Amino acid sequence: MAEDYPKVRCRSNAPPVWLELCEHPWMQAFLHNLEVERNLSPHSCRAYRRDVGAFCLFLQQQLPGRPLDAQLAAVDKALVRRWLGQLGRRNKKVTLARKQSALRTFFTFLVRRGLLEQHPLHSMERPRLERPLPRLLDVDAVFCLLDGMVPEDWLRWRDRALFELLYSCGLRVSELVALDEDDLRADQGLVCVRQGKGGKQRIVPVGQAALRALQAYLQHCPPQKRVGVALFVNQRGQRLSVRTVQRNLKAALARAGLPTDVSPHGLRHSFATHLLDGGADLRAIQELLGHASLATTQRYTQVSGARLAEEYDRTHPRSKKPSA
């Protein structure tokens, strides 16, 4: 390939085979396409590189002695199924579907660039996945969590503002921690979300309770901690991490006597479900959540439908089971 792309940084202790794979022109061009042209997040790019790289290492075991170009040209559906079959012993269906999707994206890129003549996964069916209902909190539980947080220091003020904003706007946790102070437009009651899938940008309204919590956090946060542009910082004044938000939410749920298996993404699910239960339009919820497809947003109709069926079974006289 004629183009020169920045080399992918691998760990210094990575196996030589992996280092050679990272420097291959096809892999460099593919990662450049993901990062620059498709503008995917670093986390997504790492996932693609990991899945495609693992398949290429599998090819070197199945087709030894050939260069990577020849190995990729020899790939067919049987070889891919053999790889997925090996992974199926210790991975869930959703993981296998993600790995197959990564391969499909990789081979589509190679075919469009003229590096391969045919797509080996063109007619390969995707695995059918179970779509479990998301774990969420009902309205009373959300009020119990947020109103029960009694700030003792500026870190507790920060956590309360975190969870208020997370539930008020339905943000992804990655979008939440990536917010800068300039992204918050308190006078207009809006927040500009710049981080997310594909690096898209959207404007989301902020509720009054979340605005009051944010104002209290900014007032109590020591000035020496706010030396950067990040809206939410840790004890060292650095941008807050996703893991910290997850850990702190679990601790707050435990203090409130609520189930601790609800993640920050569960508050996002709660946001969408409560809007839908309140009569909000599905298209409006799609815009607020930043979903590219309405089919993704329609998952929340399953949540409300399940809740409706449960209420029907509990209250309708002809739905109750006869007593013994």
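The values are calculated or read from the model by the stated rules, or taken from the named source; none is laboratory data. Everything quoted here is computed from the prediction, not taken from an experiment. Here the Cβ is made from the backbone with ideal geometry for all residues, glycine too, and neighbour counts use every protein chain on show. Areas reflect the complete protein model, heavy atoms only, side chains present, ligands, DNA and RNA absent. Shrake-Rupley method; radii C 1.70, N 1.55, O 1.52, S 1.80 Å.
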If I ask for residues that are of a type in the set (D, E, K, R) and either within 14 Å of F30 (Cα to Cα) or open to solvent by 60 Å² or more (accessible area, probe 1.4 Å) (or both), which ones from segment 89-120 would you list? R89, R90, K92, K93, R98, R104, R112, R113, E117
Criterion (open to solvent by less than 40 Å² (accessible area, probe 1.4 Å), modelled with pLDDT under 90 and not in a helix (DSSP H, G or I)) met by exactly one of A292, A280: A280
Only one of V229, V242, V233 is within 24 Å of Q286 (Cα to Cα), among the β-branched types (V, I, T) and either open to solvent by less than 70 Å² (accessible area, probe 1.4 Å) or at pLDDT 90 or above (or both). Can you tell me which? V242
Condition check for L59: more than 24 Å from R172 (Cα to Cα) and at pLDDT below 85: no
Tell me, which helices (runs of 4 or more DSSP H) wholly within segment 21-88 include 2 or more residues that are open to solvent by 10 Å² or more (accessible area, probe 1.4 Å) and either in contact (Cβ under 8 Å) with a residue 60 or more places away in the chain or touching a strand residue (DSSP E or B) at 6+ places or on another chain (Cβ under 6 Å) (or both)? 42-62
Could you tell me which of the residues R236, R247 is of a type in the set (K, R) and either in contact (Cβ under 8 Å) with a residue 40 or more places away in the chain or in a helix (DSSP H, G or I) (or both)? R247
For G305, the lone unmet condition from (1) at pLDDT below 90; (2) under 25 Å from D159 (Cα atoms) is (2)
